[in-house]
Amino acid sequence: MLKAYYYLLFRDLRLALRNRHELANPLIFFVLVVTLFPLAVTPTPETLQTMAPGVIWVSALLAVLLSLDRLFKQDYEDGSLDQLMLSPNPLVILVLAKVTAHWLLTGLPLVIIAPLLGLFMSLPMEAVIVLIYSLLLGTPVLSLIGAIGVSLTVAVNRGGVLLSLIILPLYIPILIFGANAVDVAMAGLPVSGQLLFLGAVLALSVSLAPLATSVALRITASR
Amino acid sequence: MWHWIQRFSSPKHFYTMSVPLIKWFTVGALLIGLYGLYLGLFVAPTDYQQGESYRIIFIHVPAAWMSLFVYMVMAASAGIGIIWQIRLADMVAAASAPIGASFAFLALVTGSLWGKPMWGAYWVWDARLTSELILLFLYLGYMALQSAIEDQRSADKASGLLAIVGVVNIPIIHYSVEWWNTLHQGATVTKFDKPSIHVDMLIPLLLMAVAFKLFYAAIVLIRARNEALYRDRNRRWVRELIEQL
């Protein structure tokens, strides 16, 4: 079972690494969207600081949302998704492997580039550290919940807008606590409450979201 | 028992059985609703803080309750449809979504009408308003997914799963929104000291809640009947029905 997990994980990573330009796209999108805000609103550091947590978190959310397609689309189109479902390994484990790969390829790069964006938005150092922590805990949840949505819409023609319609309301708690943690850190207050909540949601979604995703994949496949 | 459920839940049986139910639910909703409105609008005392404009709660509060209740019904019957493959449950779930969305919308509109004289603004980013808005979005997402998938059975299953995921998420969303609001700005306008409700206001409120439930029961049956006719349009029992006309 564990072998299947690692096998599928490394397969997805290898496939993505052979397609490197695609790998950078969500990252560039993330930086680009954040760049728009100083241009659209105002470049004064004080204003930027107050919007920074929200802007960075919303942009991360949108970047993950746009990259969700990669999770199952290709496998659905070339039929390997059906083969995965036929395999004797539990589908939940396979889903977890695919989501892990997705997070390593999109979520983790976002976390790594976040300090640069903190610099753009003139965030203080301690807020940047909390931003990294909150993204580290929050982005896996985005991938996990997103997997449910993608598996429901992968067979729908032009399912992109539909996907954001059904997934964004479910992302709201993560957005609230992620952005709020950074906000509170800037005010110099303790952030453990927010981070613990994000951790709790992460634990909940690691245990439940793959189940829902595998049911959704079977629904999609039975069509 | 199982056999009985199977037989009773067949769309054909449901189509004929639901006629008297709809009649009684409609009559009940009308009578109780009119009496509740009379008590609420004419008999209940004027509120010492809010004046007459508080009377909108007799519509607003039942609508808000119903918006949540209908979501639960929708998710439960979608679950029954997925697990036991009962088509009638899928029809009830699909028929409930637009009704629930309308209740959520009604709650938002009446809330903002009440908010203007009370809070001085039509829209305040209050925790309850925000979670009601998110609930409306959940309904709209369900309906979008339901209509995007061509094949009826997988549309039912896919949107049903989404409804169940939504049920798991609703408490999380509710409490995170509540915490977000209290952390952002101390509740100033929204949390005036509320006296526990007077019994003359409570009785019409509860009557209206019952009337709304009966109204929903009648409407969901009517919509489910239409759904049954539409989905089984190529089956024999519908053909026979049409020939009888």
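Read the figures in this text as sums done on the coordinates, not as results from a lab. Every value quoted in this text rests on a predicted model; they were computed, and no experiment measured them. Backbone-built Cβ (ideal geometry, glycine too); neighbour counts: all protein chains shown.
Results, tabulated for the structure shown:
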{"read-out": "Peptide A:174-181 - average C-beta neighbours from other chains (10 Å radius)", "value": "3"}
{"read-out": "Structure-based [θ]222 nm, the protein assembly as shown - -39500 (n - 2.57) summed over DSSP H runs of at least 4, per residue, nearest 500", "value": "-28500 deg cm²/dmol"}
{"read-out": "Residue with peak Gaussian network fluctuation, chain A [Cα springs, cutoff 10 Å], from A:68, A:163, A:189", "value": "A:189"}
{"read-out": "Cα pair count fraction exceeding 33 Å, expressed as % - segment B:21-244", "value": "26"}
{"read-out": "Helix runs (DSSP H) in chain A reaching 20 Å along axis by Cα, Kyte-Doolittle at least 0.0", "value": "A:2-17, A:20-40, A:45-67, A:125-153, A:160-186, A:192-221"}
{"read-out": "Rotationally averaged projected area of segment A:175-220 (alpha carbon convex hull; nm²)", "value": "3.6"}
{"read-out": "Under the span-like rule (Cα at least 15 Å along the axis, Kyte-Doolittle mean at least 1.0), DSSP H helices of chain B", "value": "B:57-84, B:127-148, B:199-231"}
{"read-out": "Candidates B:49, B:146, B:85: whichever shows maximal mean-square fluctuation once chain B is modelled as a Gaussian network with Cα springs under 10 Å", "value": "B:49"}
{"read-out": "Peptide A:156-162 - average C-beta neighbours from other chains (10 Å radius)", "value": "3"}
{"read-out": "For segment A:2-221: relative contact order, % (alpha-carbon pairs under 8 angstrom, 6 or more apart)", "value": "26"}
{"read-out": "Efficiency of FRET between residue B:31 and residue B:123 - r from beta-carbon atoms, R0 35 angstrom, step 0.05", "value": "0.50"}
{"read-out": "Euclidean distance between Cα centres, segment A:121-172 to segment B:25-84, Å", "value": "35"}
{"read-out": "Rotationally averaged projected area of segment A:96-223 (alpha carbon convex hull; nm²)", "value": "8.2"}
{"read-out": "Fewest-first ranking of B:172, B:57, using other Cβ atoms within 10 Å as the exposure measure", "value": "B:172, B:57"}
{"read-out": "Chain A: most fluctuating residue of A:210, A:115, A:45 per GNM, C-alpha cutoff 10 Å", "value": "A:45"}
{"read-out": "Kirkwood-type radius of segment B:3-133, with distances r between different C-alpha atoms, in Å", "value": "17.3"}
{"read-out": "Computed magnitude of the charge dipole of segment A:2-221 (debye, nearest 20; Cβ of K, R +1, Cβ of D, E -1)", "value": "480"}
{"read-out": "Volume per residue of the C-alpha convex hull in the protein assembly as shown, rounded to whole Å³", "value": "182"}
{"read-out": "Per-selection metrics, segment A:2-221 (Cα): Rg and Dmax in Å", "value": "17.7, 58"}
{"read-out": "For residues of B:152-158, the mean tally of beta carbons on other chains within 10 Å", "value": "5"}
{"read-out": "Distance from segment A:1-75 to segment B:142-181 (C-alpha centre basis), Å", "value": "24"}
